[in-house]
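The structure appears below as structure tokens.
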Amino acid sequence: MPDSADNVMDFDEWKEKKQGQDDRIEKCILKIAKGKIDYMKDLYDLTSTSVYGLALSILKNSDDAKDILHDCFLKIHSGASGYSSGGKPLAWIFTITKNLCIQKIREDSKTSDIPEEEYEAFIGVSDDVPVEDRMMIKECLTVLNDDERQIVVLHAVSGYKHKDIADFLEIPLPTVLSKYSRALKKLKERITKGGTYDG
Amino acid sequence: MTDEQLEKRISDAFAGAVPDVFDEIMEDIQKENAGKGEKTSPKKRSAKRNLIKIITAIAIAAAVILTVIGVSASRADSVLAATVSLDVNPGIEICVNKKHKVLSVDPTTDDAREIIGDMDFKGTSLDVTVNALVGAMLSKGYLSDMANSILISVDSADSKEAVDLQNRLLGEINAFLENDDYKAAILSQTISDNAELKKLAEDYGITIGKAQLINDIISKTGRYSFGDLVALSINELNLLENSGPEHLTSIGKASDKAYIGNEKAKEIAAGNAGVAKESMSDLKVEMEYEDSVMIYEVDFRAGDTKYEYDINAITGAIIKTEKETNRPAQNDSENGSGSRSGSQGQSGGSSGSSGSSGSTSSGSSGNGQSSSGSSGNTQKPAQEASKPAATQPATQPATQPATQKATQAPKPAKKSPIGAAKAKSIAFGHAGVSGGQVKEFDIDLDDVEYEISFKAGKYEYDYEIDAYSGKIISVDKEYDD
């Protein structure tokens, strides 16, 4: 489990980082397609949180999300040669992720209406995860509806642009924007009211 | 809080929660590459325990390393007398006492835990234990007819004891497998118990036997670094290990059923070169491990030309080709001396080409050929070496025509890489840029090549440069806005 501190970085650094990574991600995929599996590590470091975040936001279950994370990278590796360079590597990766999630939902035929207590159980799976992270994720999963949740995760965690989110989720851009701002508002309210951490 | 602060908080939360499954992912990829055949999905792996059935009806050759590490003999029954390690890819260490009764069984790798499961071997005899573990490896798919190499390594202060044990186990495993009509490849070696090997083994989580095998491969072939080979299974290492070092004896043939096979590799190479298989001489096919892929290296001559192919061992895709037109004199199999009179080039190690003296063939006199035609004519006068023409060495007889190119030695082993600075200047030189114009420079030494990327002017460049020859393998230039 990565130490949370490792991933927390200075704010401006974080902003910049999010913007510059598409090129590096694409490079990794192209290299992997050529059989250079050394690049799997780089790719993993760059994108595992995004994949996991998306999977978690769809499946709302951390065990399942972990499976998806694993299977997704296997698929990336075996399917890298099918990636056509177009500057949108995340779209390709997210499509794989989403399809795996859909498959999983079908297999498990689980519904996503899971009672609150079960959320706790899912998220509390690993003790390694620091408490405030767990709480934060829990808020995301409980307070937001499906669309809001996916949009928030895609944008905040992966740095995915609203326009690309609109394409990916097949929702009109204005809708994405308004859902996003509503989602943030909801979360802010929860956080500041909740009082468990600073606002 | 601002929106952005909230976003960062969310991002941090997920970053803190994401599990690190990278190792499992890579393990599965390695297994898939080795042709294990099944897609393993993490939650759905279920242990199949069919031990008894497996032991009595072994359908598959096993790949196991037995490392017997002996310790000086002693009286008490519970004192360690020897350690036997089972290595396929999972590694297991079995400690036995003087009477070869098991004291403990320990996994040295994580997947070995799955094999041991909850079997308790204490007090059991070594043979039964080994059988049970081999059986477990079979039922869980770590051993198969696609991976059949066994390495027995014996290390003991008491060398007689070690040799005895080794031979006994060798004999037993052989008989055990022959019983089911299976071809195992058994390697056995003696280990000198040294601290450095031990540390390497511990650091990488493998047994000493495997560590020694890896070291041997490295020193024999002059390629690979230790870390490269650690993830390979014993079967793959066996395939790379073409003829054992002095203290490694080898029986049987490592399974290459996961791969296309030497014959197919030959065919692919021959087909691509446009030569008939029969006209291939000095043919050498070897398995190598390059860029994390098992490959066949197919080297041969046909006519004047020397060919070298790197072929993906699983897919059959041609990864690399090299071609050179040689003086026929350079054949290793001959008394290759530089002083050749004009009449006869080759003494023709394989098929004699004496009949070809005096026949002209695109201006190269005295070209013997090992092709059955032995007509001495090169059907491909236009054949150019892929390497630039080097100057003729002084010993060449004057009759050799100028069109001939000097032979270059096959891949130099044990040469050192050209260095980052040199690679950088090659790349810049080719791109026609100076250091000052370059931004975002990145260089990576990736085993046999330098990967260099940089931006200059409006473009982004990606170079791959052979680390030993400095040759530019690939160039990528993209408009960068």
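Overview of values
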item: Wholly enclosed helices (runs of 4 or more DSSP H) of the range B:156-271 bearing at least 3 residues over 13 Å from the mean Cα position of the chain (by Cα) and modelled with pLDDT of 75 or more; result: B:159-178, B:195-204, B:208-221
item: Single match in A:90, A:56, A:69, A:74 (criterion: assigned to a helix (DSSP H, G or I) and touching a Lys or Arg at 6+ places or on another chain (Cβ under 8 Å)); result: A:74
item: When residues of the range B:102-140 are limited to those that are surrounded by fewer than 18 Cβ atoms within 10 Å (Cβ to Cβ) and part of a strand (DSSP E or B), the one farthest from the chain's Cα centre (by Cα); result: B:125
item: Number of positions in the range B:436-469 that are over 27 Å from the mean Cα position of the chain (by Cα), hydrophobic (A, V, I, L, M, F, W, C) and more than 14 Å from chain A (Cβ to nearest Cβ); result: 3
item: Conditions (1) crowded, with 23+ Cβ neighbours inside 10 Å; (2) modelled with pLDDT of 50 or more: number failed by residue B:329; result: (2)
item: Residue within the range A:139-150 that is touching a helix residue (DSSP H, G or I) at 6+ places or on another chain (Cβ under 6 Å), within 11 Å of another protein chain (Cβ to nearest Cβ) and either free of Cβ contacts under 8 Å to residues at least 40 places away in the same chain or at positive phi (or both) present; result: no
item: Pairs with Cβ under 7 Å, 6+ apart, first in the range B:453-478 and more than 17 Å from residue A:34 (Cβ to Cβ) and free of Cβ contacts under 8 Å to residues at least 40 places away in the same chain, second part of a loop (DSSP other than H, G, I, E, B) and of a type in the set (A, V, I, L, M, F, W, C); result: B:456/B:433
item: Residue in the range A:58-69 that is facing chain B (nearest Cβ under 9 Å), closer than 30 Å to residue A:143 by Cβ, more than 12 Å from the chain's Cα centre (by Cα) and modelled with pLDDT of 90 or more present; result: yes
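So that you can scan it fast, the table gives a plain yes or no per residue for (1) within 16 Å of the chain's Cα centre (by Cα); (2) in a strand (DSSP E or B):
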residue: B:286; (1), (2): yes, yes
residue: B:294; (1), (2): yes, yes
residue: B:298; (1), (2): yes, yes
residue: B:301; (1), (2): no, yes
residue: B:310; (1), (2): yes, yes
residue: B:314; (1), (2): yes, no
residue: B:321; (1), (2): no, yes
residue: B:324; (1), (2): no, yes
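The values are calculated or read from the model by the stated rules, or taken from the named source; none is laboratory data. Predicted, not measured: the structure shown is a model, and the values here were computed from it. Glycine also receives a Cβ, built like all others from the backbone with ideal geometry; neighbour counts cover every protein chain displayed.
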